[in-house]
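For reference, the structure discussed in these notes is given below.
Computed from the coordinates by the stated procedures, all read-outs in this text should not be read as laboratory data. None of these values were measured; they are calculated from a predicted model. Every residue, glycine as well, gets a Cβ built from its backbone with ideal geometry; the counts of neighbours run over all protein chains shown.
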Amino acid sequence: MHTTVAAERTVALAPREVFALFGAAGGEGWLFGARCDAVTPGASVSLRLPLDGHGGASGVDVLGRITRVAPAAAVEIEHTQPWRGRLSLRFTPAGAYGTRVRVRASVPPEGVQWLLHRRGLPLPEPADDGGVRLGAITTASGPGAVYSMSAELMARLAVDEINADGGVGGRRLQLLTADDATDAEQAALEAERMARLGCRAVFVNATSASFDAVRRALDGRGVLVVHTVINEGGGDAPTAVRLGERPHAQLDALVAPTMRDAGARCWFLVGQSYVWSHGAHAAAYRAVARAGGRVAGEVLAPLGTTDFSDTIEHIRRSGADLVLSTLVGADEVAFERQSEAAGLRGSVRTVSLVLEESTLAHIGPRAGAGLRTALGYFQDNPLPGNDGLLARYRGAYGAWAPSITALSETVYEAIHRYARVLHADPDGGAADHGIALSRRRPAPRDDAIGARDLVAPRLYVAEVGPAGLEIVDAVAGGR
């Protein structure tokens, strides 16, 4: 059963005027913090809703897509973060010159659980169905939610496919999920809960800070921890496996070609003050030096930064003509949008290490134009098996589900691969399974879904063009 929650604002403008401001900077303060680049079906949108009984900073950030528009009258949205649901906004006259803006949200049971857990109540313990329990920690809220939009869906798709094929050794997989809220301490608490409930492996589709916290919390408890997103490396152990892209490989694919294409050599590094950017920037200094360039400056901002005006001014004063961004999620969205608005894009070429389809959708096509990245998967890559994966994903979650990205496809393949390891060695321990999962196999000549090298994936260089992230080159993977 769904719970319906409503909130409203009254604005001293006519409905058509209010509707015209929906999602624009001028309307953010009173239209529930709404932001989108176009009020059309399919456009990405974010809102801050007072669904927890309060307004302002304590509201809930919702990320989704517009599904229906009635000009000057209604906007309907399907969202994934922080739970899957639908909401609608209605614009009705209020007096002679005003407009009543009402939002109605249909909150499913998992949304109610999320809201109660946010207030400090424990999540309900799932019934024991005799299955093999796995955990998936994703980021459904906080600044990292932007890049994690399809991660839980892809984890569920993998488990559903495995179960439809008979499970593992005749036993079903049971997936337990949690939101780390882009907070390492919260990630550790969720991991301890999963271990207490008998999860044999926990897949961490979150920041390196969250992975480190989970690894420490579960050390010695016989639970395999798998990091399934791009990371700086380090911390690998038999019971803690890190998959996905590494910054040194990304930078080898990006730095020298970008310098040649731009006819430029002076870089400015923009990142965040935690282990991911520290590792990525160390690799960047080396890559820039090898390519004959130099680094003119560096800024490391706290995770959750929303105002990058000082950083943009530092870039201008430095004389840099190239920027490397290692920002993630909402921080990357804010930086790129503010850079474009400040005119920086006209004089500086930007490379972003964590730019995938979901983040780009919130940056927008105008602010994202010309950005370049290198990742192991893009949704529009014609890899063998990718059309089938997309069809299964859309069939399971609908046309408005968020894009599959490099940061969510890896968790899908990792769970499938772990299931094969578990099937071959059902009585093995976490260390045995970790060694098997991280073992590299001879890579095929071409990538294919289900057979990609997750330890050192082949990278695809992509640039933002009129059609979104367009692949311009492919390079071999490597540690």
request  = Compare the Cα positions of VAL461, CYS36, GLY170 along the charge dipole of the chain (+1 at Cβ of Lys, Arg; -1 at Cβ of Asp, Glu; about the Cα centre) and return the one farthest towards the positive end.
outcome  = CYS36
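Calculate the translational D of region 353-474 in whole µm² s⁻¹ from Stokes-Einstein, where the hydrodynamic radius comes from the Kirkwood formula applied to all Cα pairs, the temperature is 10 °C and the viscosity 1.306 mPa s.
Numbers: Rh = 15.9 Å.
Rounded to a whole number, D works out at 100 µm²/s.
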ask   = How big, in percent, is the set of alpha carbon pairs in region 247-375 lying more than 27 Å apart?
value = 6
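Expressed as a rounded percentage, what relative contact order does the chain have, with Cα pairs under 8 Å and six or more residues apart?
Numbers: 1034 pairs, mean separation 63.3, N = 479.
Relative CO of the chain lands at 13 percent.
For region 3-115, compute Rh as the Kirkwood radius over C-alpha pairs and then the Stokes-Einstein diffusion coefficient at 4 °C and 1.567 mPa s; write the answer in µm²/s, rounded to an integer. All intermediate terms of the calculation are to be shown ahead of the outcome.
Values: Rh = 13.9 Å.
Estimated via Stokes-Einstein, D reaches 93 µm²/s.
Send over the Kirkwood Rh of the chain, from the inverse of the averaged 1/r over different Cα pairs, rounded to one decimal Å. Show your work: numbers first, answer last.
Values: mean 1/r = 0.0433 Å⁻¹.
Value: 23.1 Å, from the Cα pair sum.
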message = Counting just the Cα atoms, what span does region 402-450 cover along each of its three principal axes? Round to the nearest Å and put the largest first.
response = 36, 29, 15
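Treat every Asp and Glu Cβ in region 33-181 as -1 and every Lys and Arg Cβ as +1, leave all other atoms uncharged, and give the resulting dipole magnitude about the Cα centre to the nearest 20 debye.
Values: 16 positive and 15 negative charges, 143 e Å.
That gives region 33-181 a dipole magnitude of about 680 debye.
Take the Cβ-Cβ distance between ALA448 and ARG193 as r, set R0 to 30 Å, and report the resulting FRET efficiency rounded to the nearest 0.05. Numbers along the way, then the final one.
On the way: r = 36 Å, r/R0 = 1.20.
Calculated value: 0.25.
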remark   = Rounded to the nearest Å, the spacing of the alpha-carbon centers of region 211-243 and region 391-440 is 15
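In debye, nearest 20, what is the charge dipole magnitude of the chain about its Cα centre with +1 on Lys and Arg Cβ and -1 on Asp and Glu Cβ, if you could check? Show your work: numbers first, answer last.
On the way: 49 positive and 53 negative charges, 56 e Å.
So the dipole magnitude of the chain works out to roughly 280 debye.
I want the local charge near CYS266. Using Cβ-Cβ distances under 12 Å, sum +1 for each Lys or Arg and -1 for each Asp or Glu among the other residues. Write down the numbers at each step before the final one.
On the way: positive: ARG265, ARG294, ARG349; negative: ASP321.
In short, +2.
Let me spell out the model: positive unit charges on the Cβ of Lys and Arg, negative unit charges on the Cβ of Asp and Glu, origin at the Cα centre of region 247-375. What dipole size does that give, in debye rounded to 20? Write down the numbers at each step before the final one.
Details: 12 positive and 13 negative charges, 106 e Å.
In debye, rounded to 20, region 247-375 gives about 500.
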